[in-house]
Amino acid sequence: MEKYVAFLRGINVGGHHKVPMADLRKELGQLGFENIITILNSGNIIFEAKADALGKLEKTISNHLEHYFGFPIPTILRKAETIHKIFSLDPFKGVEVTKDIRLYISLLKKDAELDLDLPWTSPDGSFKIIDKQDGSVLSILDVSVTKTPKAMGVLEKTYGKDITTRNWNTIVRIMKKFE
(Lines give C-alpha, C1' and ligand atoms only; values in the text may rest on other atoms or scores of the structure.)
Protein backbone atom coordinates (compact mmCIF):
# COMPACT_ATOMS: atom_id res chain seq x y z
CA MET A 1 0.00 0.00 0.00
CA GLU A 2 1.13 3.51 -0.83
CA LYS A 3 0.21 6.61 1.18
CA TYR A 4 -1.28 9.53 -0.80
CA VAL A 5 -2.66 12.99 -0.17
CA ALA A 6 -5.60 14.16 -2.28
CA PHE A 7 -6.46 17.84 -2.66
CA LEU A 8 -9.98 18.50 -3.93
CA ARG A 9 -10.68 21.78 -5.68
CA GLY A 10 -13.71 23.97 -5.08
CA ILE A 11 -15.67 22.08 -2.43
CA ASN A 12 -17.35 23.64 0.62
CA VAL A 13 -16.51 27.17 -0.54
CA GLY A 14 -19.08 29.88 0.10
CA GLY A 15 -21.89 27.38 0.61
CA HIS A 16 -21.41 25.84 -2.82
CA HIS A 17 -20.55 22.24 -3.72
CA LYS A 18 -21.09 20.93 -0.22
CA VAL A 19 -19.23 17.71 0.53
CA PRO A 20 -19.62 16.35 4.07
CA MET A 21 -16.35 14.83 5.25
CA ALA A 22 -18.07 11.69 6.57
CA ASP A 23 -19.58 11.07 3.10
CA LEU A 24 -16.22 11.76 1.48
CA ARG A 25 -14.47 9.20 3.70
CA LYS A 26 -17.21 6.66 3.04
CA GLU A 27 -17.00 7.11 -0.73
CA LEU A 28 -13.21 6.83 -0.77
CA GLY A 29 -13.61 3.65 1.24
CA GLN A 30 -15.92 2.38 -1.52
CA LEU A 31 -12.95 2.72 -3.87
CA GLY A 32 -10.96 0.34 -1.66
CA PHE A 33 -8.83 3.01 -0.02
CA GLU A 34 -7.79 2.54 3.60
CA ASN A 35 -6.82 4.62 6.63
CA ILE A 36 -8.69 7.63 5.25
CA ILE A 37 -8.19 10.88 7.16
CA THR A 38 -9.74 14.22 6.18
CA ILE A 39 -8.07 17.44 7.22
CA LEU A 40 -10.23 20.54 7.54
CA ASN A 41 -13.41 20.85 5.48
CA SER A 42 -11.75 21.96 2.25
CA GLY A 43 -10.94 18.60 0.68
CA ASN A 44 -7.58 17.46 2.01
CA ILE A 45 -7.43 13.70 2.41
CA ILE A 46 -4.70 11.29 3.46
CA PHE A 47 -5.31 7.69 2.45
CA GLU A 48 -3.61 4.45 1.54
CA ALA A 49 -4.19 2.60 -1.72
CA LYS A 50 -2.52 0.07 -3.93
CA ALA A 51 0.30 1.82 -5.74
CA ASP A 52 -0.86 3.17 -9.09
CA ALA A 53 -0.16 6.03 -11.48
CA LEU A 54 -1.18 9.37 -9.94
CA GLY A 55 -3.16 10.39 -13.02
CA LYS A 56 -5.16 7.18 -12.99
CA LEU A 57 -5.97 7.51 -9.27
CA GLU A 58 -6.89 11.19 -9.69
CA LYS A 59 -9.32 10.30 -12.47
CA THR A 60 -10.80 7.41 -10.49
CA ILE A 61 -11.40 9.63 -7.45
CA SER A 62 -12.73 12.57 -9.43
CA ASN A 63 -15.12 10.45 -11.52
CA HIS A 64 -16.44 8.56 -8.49
CA LEU A 65 -17.00 11.72 -6.44
CA GLU A 66 -18.71 13.51 -9.35
CA HIS A 67 -21.06 10.55 -9.77
CA TYR A 68 -21.87 10.44 -6.04
CA PHE A 69 -22.12 14.19 -5.29
CA GLY A 70 -23.52 15.28 -8.67
CA PHE A 71 -20.96 17.91 -9.62
CA PRO A 72 -17.36 17.87 -10.85
CA ILE A 73 -14.71 17.61 -8.13
CA PRO A 74 -11.27 18.22 -9.62
CA THR A 75 -8.68 16.17 -7.73
CA ILE A 76 -4.94 16.69 -7.47
CA LEU A 77 -2.99 13.86 -5.91
CA ARG A 78 0.49 13.62 -4.41
CA LYS A 79 2.36 10.76 -2.84
CA ALA A 80 2.83 11.40 0.87
CA GLU A 81 6.59 11.26 0.38
CA THR A 82 6.37 14.21 -2.06
CA ILE A 83 4.50 16.34 0.49
CA HIS A 84 7.01 15.31 3.15
CA LYS A 85 9.92 16.27 0.86
CA ILE A 86 8.51 19.75 0.15
CA PHE A 87 7.78 20.27 3.85
CA SER A 88 11.26 19.17 4.90
CA LEU A 89 12.81 21.74 2.53
CA ASP A 90 11.32 24.38 4.86
CA PRO A 91 10.59 26.67 1.91
CA PHE A 92 9.38 29.60 4.03
CA LYS A 93 12.36 29.58 6.40
CA GLY A 94 13.27 33.13 7.27
CA VAL A 95 9.90 34.60 6.25
CA GLU A 96 8.47 36.68 9.06
CA VAL A 97 4.82 35.74 9.37
CA THR A 98 2.60 38.55 10.60
CA LYS A 99 -1.16 39.00 10.63
CA ASP A 100 -0.91 40.24 7.02
CA ILE A 101 1.43 37.61 5.56
CA ARG A 102 -0.05 34.43 4.08
CA LEU A 103 2.05 31.46 2.97
CA TYR A 104 0.66 29.29 0.17
CA ILE A 105 1.32 26.14 -1.77
CA SER A 106 -0.37 25.75 -5.14
CA LEU A 107 -0.52 22.20 -6.45
CA LEU A 108 -0.44 21.70 -10.20
CA LYS A 109 -2.25 18.84 -11.88
CA LYS A 110 0.39 18.79 -14.60
CA ASP A 111 3.88 19.94 -13.82
CA ALA A 112 4.99 22.65 -16.21
CA GLU A 113 7.75 25.18 -16.33
CA LEU A 114 7.01 28.52 -14.76
CA ASP A 115 7.58 31.28 -17.28
CA LEU A 116 8.87 33.62 -14.58
CA ASP A 117 12.28 34.14 -13.06
CA LEU A 118 12.11 33.06 -9.43
CA PRO A 119 11.80 34.55 -6.97
CA TRP A 120 9.18 36.72 -8.68
CA THR A 121 7.30 39.64 -7.14
CA SER A 122 4.12 41.25 -8.47
CA PRO A 123 4.41 44.91 -9.52
CA ASP A 124 2.57 46.09 -6.37
CA GLY A 125 4.73 43.89 -4.12
CA SER A 126 1.74 42.03 -2.68
CA PHE A 127 2.48 38.62 -4.14
CA LYS A 128 5.75 36.70 -4.34
CA ILE A 129 6.39 33.35 -5.94
CA ILE A 130 9.46 32.08 -4.13
CA ASP A 131 9.97 28.57 -5.51
CA LYS A 132 8.61 25.66 -7.48
CA GLN A 133 9.14 22.08 -6.26
CA ASP A 134 7.68 18.78 -7.48
CA GLY A 135 4.71 20.31 -9.28
CA SER A 136 4.01 22.77 -6.47
CA VAL A 137 4.41 26.53 -6.47
CA LEU A 138 5.27 28.22 -3.16
CA SER A 139 4.15 31.80 -2.67
CA ILE A 140 3.62 34.60 -0.19
CA LEU A 141 0.72 37.05 -0.16
CA ASP A 142 0.80 40.31 1.79
CA VAL A 143 -2.83 41.26 2.49
CA SER A 144 -1.79 44.68 3.82
CA VAL A 145 -1.09 45.59 0.17
CA THR A 146 -4.08 43.83 -1.40
CA LYS A 147 -7.19 42.64 0.37
CA THR A 148 -7.94 39.91 -2.17
CA PRO A 149 -6.00 36.88 -3.35
CA LYS A 150 -6.51 38.03 -6.97
CA ALA A 151 -2.75 38.47 -7.11
CA MET A 152 -2.63 34.69 -7.46
CA GLY A 153 -4.36 35.04 -10.82
CA VAL A 154 -0.88 34.92 -12.31
CA LEU A 155 -0.77 31.21 -11.41
CA GLU A 156 -4.05 30.42 -13.15
CA LYS A 157 -2.97 32.55 -16.10
CA THR A 158 0.18 30.44 -16.34
CA TYR A 159 -1.23 27.00 -15.50
CA GLY A 160 -4.95 27.24 -16.21
CA LYS A 161 -7.64 25.89 -13.88
CA ASP A 162 -5.85 22.59 -13.14
CA ILE A 163 -4.40 23.99 -9.93
CA THR A 164 -5.50 24.23 -6.31
CA THR A 165 -4.03 26.38 -3.57
CA ARG A 166 -3.75 25.73 0.14
CA ASN A 167 -2.51 27.79 3.03
CA TRP A 168 0.82 26.41 4.24
CA ASN A 169 -0.81 25.80 7.64
CA THR A 170 -2.84 23.05 5.95
CA ILE A 171 0.39 21.30 4.96
CA VAL A 172 1.59 21.62 8.56
CA ARG A 173 -1.65 19.92 9.72
CA ILE A 174 -1.21 17.18 7.14
CA MET A 175 2.35 16.56 8.32
CA LYS A 176 1.11 16.23 11.92
CA LYS A 177 -1.23 13.45 10.77
CA PHE A 178 1.75 11.58 9.30
CA GLU A 179 3.37 11.34 12.76
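Some observations on this one:
- Using the Cβ of ALA49 as centre and a radius below 10 Å, the other residues enclosed give a net charge of -2, where K and R count +1 and D and E count -1.
- All lysines inside 16 Å of LYS109 as judged from Cα atoms, apart from same-chain residues fewer than 8 positions distant: LYS56, LYS59, LYS79, LYS132, LYS157, LYS161
- Gaussian network model of the chain, springs between alpha carbon atoms under 10 Å - residue of ALA80, ALA112, ALA53 with greatest fluctuation: ALA53
- Centroid-to-centroid separation of the stretch 1-38 and the stretch 73-94 [C-alpha atoms, Å]: 18
- Once C-alpha pairs closer than 8 Å and six or more residues apart are averaged by separation and normalised to the residue number of the chain, the relative contact order reads 21 percent.
- Sequence-separation-based contact order of the stretch 96-137, relative, with Cα cut under 8 Å and 6+ spacing, percent: 43
- For the chain, a crude dipole built from +1 on the beta carbon of Lys and Arg and -1 on the beta carbon of Asp and Glu, taken about the Cα centre, is about 400 debye to the nearest 20.
- Scalar couplings 3J(HN,Hα) for the stretch 3-15, obtained by applying the Karplus form with A = 6.51, B = -1.76, C = 1.60 to θ = phi - 60°, are 9, 10, 10, 9, 10, 8, 9, x, 9, 6, 10, x, x Hz; x denotes Gly and Pro.
- Accessible area per residue was computed with a 1.4 Å probe on protein heavy atoms; MET21 scores about 20 Å².
The values are calculated or read from the model by the stated rules, or taken from the named source; none is laboratory data. Quantities reported herein were computed from a predicted structural model and do not represent experimental measurements. A quick note on method: Cβ atoms are made from the backbone with ideal geometry, for glycine too, and the neighbour counts reach across all protein chains shown. These accessible areas exclude ligands, DNA and RNA; they are computed on the full protein's heavy atoms, side chains included. Shrake-Rupley method; radii C 1.70, N 1.55, O 1.52, S 1.80 Å.
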